[in-house]
Amino acid sequence: MRVAIAAPLAGLFDYLPPVAAAQDGLIPGVRLLVPFGRGRRVGILVETAADSDQDAARLKSVIAQLDPLPVLAAADLSLIRWAADYYRQPLGEALFSALPVRLRRPDAPLEEGVPGLRATAAGCALDLAELGRAVGQRRILEILRAAPAGLATGVLKAQLGPATAPLKVLRERGLIEPCRVLPAECDAPAIPDPTGPDLNPEQAQAVAAVQGAGTGFTPFLLDGVTGSGKTEVYIRLIQDVIAAGRQALVLVPEIGLTPQLRRRLERRLPGPHAVLHSALPEAERERAWHSAAAGRATLVLGTRSACFVPLPRLGLIIVDEEHDASLKQQDGFRYSARDLAVRRAQQVGCPVILGSATPSLETLHNARAGRYRRLRLSTRAGGAAAPAIALLDIRGQAMSAGLSPRLREQVELHTAAGNQVLLFLNRRGYAPVLTCHDCGWVGACPHCDARLTLHLRLQRLWCHHCGWFQPLPSTCPDCRSSDLRRLGLGTERLEEELRELFPHLSLARIDRDSTRRKGELDRLLTLIRQGEVQLLLGTQMLAKGHDFPGVTLVGILDLDQSLYAADFRAPERTAQLIVQVAGRAGRAQRPGRVVLQTRHPEHPLLKSLITSGYPGFAELALAEREAAGLPPYAHLALLRADAPDAQVPMAFLHQARALAMALLVDQPGLRVQVSSPVPAPMERRAGRYRAQLLLECARRPGLQTLLAAWVAQLRSIPRNGGLRWSLDVDPQDLT
Ligand code: ADP
Ligand code: ZN
Ligand code: ZN
């Protein structure tokens, strides 16, 4: 039998069945404890092949079967195998990254729910009067009778206080008994309110199109401007799926998006719902996972890794904000949750909906080619007007707090009228650079080719790339001058300057630093929604998913840098960011206005965005990609390597290139182009030198064929000099 081991090792390992069990009693997907090297490892049974290439006498036996039933069903195994194959990752690592952490260890029996107590049949039938003056017992029985599925012991004890003696008596009398309580039944079941607003004609059309396509595999692009009611469309479709006794999977890019969306789904859709993201405590995540895998959860809402959660009755997959780069895992097992969602829907045979106000160029290309059906929501739901975006040329303007005089005036006007203003600056910290006015010293990270960002409140110079920091120097480390100056603007400094500029306005800043404390983001968002804040400023945390109905003016302070970033996706990202930020304005009945400050008003992509919106921009950007032979017109794979010494990764990549070229000589039909190795745009990060090699091919299968043979060869190259390498198939960025 073939077993994948919980380790970043390629390939499967052959074992003999455990002595106790007959081989045919074992189903693929169960966890096994196996001898491995000198130790033991947890593995997952992948295939029950009767024969092995290896000498039977030398095969070892499985030590134990860890689960009575598979933790991964056949469909889950086949999806993960496909993913490991496509992204060229070790299967063991892929399988185990799809499981809750505890299941990656051997000593973890599958346990569902938490220990609790419930009333027995006798306890339910008992006339409470019979308990007489035993008030404690009576109270417990009353509580437990009201919770037929049982109550977690912790919850019960919290209600009872310290007196636990009556519990013991009741148990001895057989009136209550221990049980395991499942999470959904721990909470009071919320009563869902299924009714929502009447759908507008476009929404109704979108819903009808999905319903009309049937329950089999059909991929859709739901292309709807911000606030057009995409979520409402999802809700209607999920209602159908749940009513049909099936499960829905909703993938979102960021944890920050889940609280609002989660509450909205909870109000409208019958539960239990399972929420899965990495910021949850491990136990909570595992409970949600079991609830999904056992088929109990009607809805799974999760971030990218949720795309692997076992769902025995899966009936619909939705990927919201499908353009978002965080749907792609950027380290370890590098996969795109969006692309896997489509693949999974195809394997299972169910509809999949990719939703966005700013669809990725890949998805637009698929829609144009007829592979995805495109559904459009072109107007805002509830009649709110779409915001107009205006470019504001700031060349030669006297700026204060990052604002040109015109924008400053607008801020005064809008706040004076009782509205909220949102200012967007995509740079956290105080100032990007601290420099010495006398000798020109600038704070640079000793481990990266990067400058340190000044964080004034924490009195730190901080590297945003590796996390290294140092206390703020009071004099120049080079020349001892005390004339240290701050260049540039981060949100922390912007907040300070805005408070000076607009002392009469209340202000909230939302970025990674200001919301570090748990619950802080929610608190700020509530303040904003209640109108306690007139001026809100922040980074892209503000741009995603949150609704700010009181905002009528959005000021985008400085995106020029990202327009000219080296990465080929930079313009697409920038355009998406602008449109997403702009979408925060005027969501209620008040019309919104968006002002984009720039020193490059002539930039063609900016101009296309302003004059013909995101669709016009996308048209132009796709044409540029096609001319340049870039995705979606070509398929890429990036081999990254790094080591403490700059020579090591380059030498490895040269060797890798030679191997690829040799394979291509044998199979010239593959038509893969292999670039020369180059240092990464930021060559040194966290003390390691980084280099990369790009592979490009017009056809996916050609690239895949080459990668299969090539990666096997790369794995057998000895890794000397602290070399690390990784392959990124369909990379999101080339950095
Ligand atoms: P999106 O997901 O596209 O950003 P939402 O579904 O969140 O849009 O809808 C934006 C706002 O419009 C929400 O407050 C929602 O309740 C409201 N809304 C959605 N559909 C309708 C409708 N048909 N009629 C009235 N209001 C609607
Ligand atoms: Zn100096
Ligand atoms: Zn650094």
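Read-outs: derived from the displayed coordinates by stated rules, not from any lab. Bear in mind the structure is a predicted one, so any value in this text is a computation, not a measurement. Please note: Cβ atoms are built from the backbone with ideal geometry, for glycine as well, and neighbour counts cover all protein chains shown.
Which order do the peptides 267-280, 415-428 take when ranked by the mean count of other beta-carbon atoms within 10 Å per residue, highest first?
Values: 267-280: 18.8, 415-428: 21.0.
Highest to lowest by the protection proxy: 415-428, 267-280.
Treat the range 331-433 as a sphere of radius equal to its Kirkwood radius over Cα pairs and apply Stokes-Einstein at 10 °C in a medium of 1.306 mPa s; give the translational diffusion coefficient in µm²/s, rounded to a whole number.
Working: Rh = 18.9 Å.
Answer from the Stokes-Einstein relation: 84 µm²/s.
Taking a ≥ b ≥ c as the square roots of the eigenvalues of the Cα gyration tensor, the range 492-571 is classed as prolate, since a/c reaches at least 1.5 and a/b is larger than b/c. When a/c is below 1.5 the answer is rounded, else prolate if a/b is larger than b/c, else oblate, so apply that to the range 218-373 with a ≥ b ≥ c taken from the square roots of the Cα gyration tensor eigenvalues. Here the range 218-373 falls in the rounded category.
For the range 571-579, the Karplus equation 6.51 cos²θ - 1.76 cosθ + 1.60, evaluated at θ = phi - 60°, returns couplings of x, 4, 4, 5, 4, 4, 4, 4, 5 Hz by residue, with Gly and Pro reported as x. Please list 3J(HN,Hα) in residue order for the range 417-428, calculated via the Karplus relation 6.51 cos²θ - 1.76 cosθ + 1.60 where θ = phi - 60°; whole Hz, with x for glycine and proline. Calculated HN-Hα couplings, in order: 7, x, 9, 9, 10, 10, 10, 10, 9, 8, 8, 8 Hz.
With the helix formula -39500 (n - 2.57) applied to DSSP H stretches of n ≥ 4, the chain reaches a computed 222 nm mean residue ellipticity of -10000 deg cm²/dmol. Using the average count of surrounding beta-carbon atoms within 10 Å as a protection proxy, the listed peptides 303-313, 204-214 rank, highest first, as 303-313, 204-214.
One quarter of the convex hull surface, Cα atoms only: what value does that give for the chain in nm²? If you can, show how the numbers build up before the last one.
Numbers: hull surface 159.0 nm².
Directional mean of the projected Cα hull area for the chain stands at 39.8 nm².
Less than 5 angstrom separates the built amide H of Val275 from those of Leu301, all sequence-distant by 5 or more or on a different chain.
Past 32 Å, Cα to Cα, is the threshold; run Lys157/Lys230; Lys168/Lys518; Lys518/Lys607; Lys230/Lys328 against it and keep the listed order.
Numbers: Lys157/Lys230 44 Å; Lys168/Lys518 39 Å; Lys518/Lys607 40 Å; Lys230/Lys328 22 Å.
Beyond 32 Å: Lys157/Lys230; Lys168/Lys518; Lys518/Lys607.
Using R0 = 30 Å, the C-beta based FRET efficiency linking Arg529 and Trp82 works out to 0.10.
Amide H contacts of Ala388 (H built 1.01 Å from N, in plane; Pro and chain starts excluded): Gly592, Val594 sit under 5 Å, all sequence-distant by 5 or more or on other chains.
Note the full-extension length gain between Gln347 and Cys124 as 0.36 nm times their separation in residues minus their Cα-Cα distance, in nm to one decimal.
On the way: separation 223, 0.36 × 223 = 80.28 nm, distance 4.70 nm.
Using 0.36 nm per residue and subtracting the Cα-Cα distance, I get 75.6 nm.
For the range 490-525 and the range 663-708, write down the distance between their C-alpha centroids in whole Å. Using only Cα atoms to place each centre, the spacing works out to 43 Å.
Computed 3J(HN,Hα) for the range 303-309, one whole-Hz value per residue from the Karplus formula 6.51 cos²θ - 1.76 cosθ + 1.60 where θ = phi - 60°, is 8, 3, 5, 5, 5, 9, 4, glycine and proline marked x. Expressed to the nearest 5 percent, the antiparallel share of DSSP beta bridges inside the chain is 55 percent.
Can you give the FRET efficiency to the nearest 0.05 for Glu412 and Ala390, using r as the Cβ-Cβ distance and R₀ = 22 Å? It would help to have the intermediate numbers written out before the result.
Numbers: r = 17 Å, r/R0 = 0.78.
Efficiency at R0 = 22 Å is approximately 0.80.
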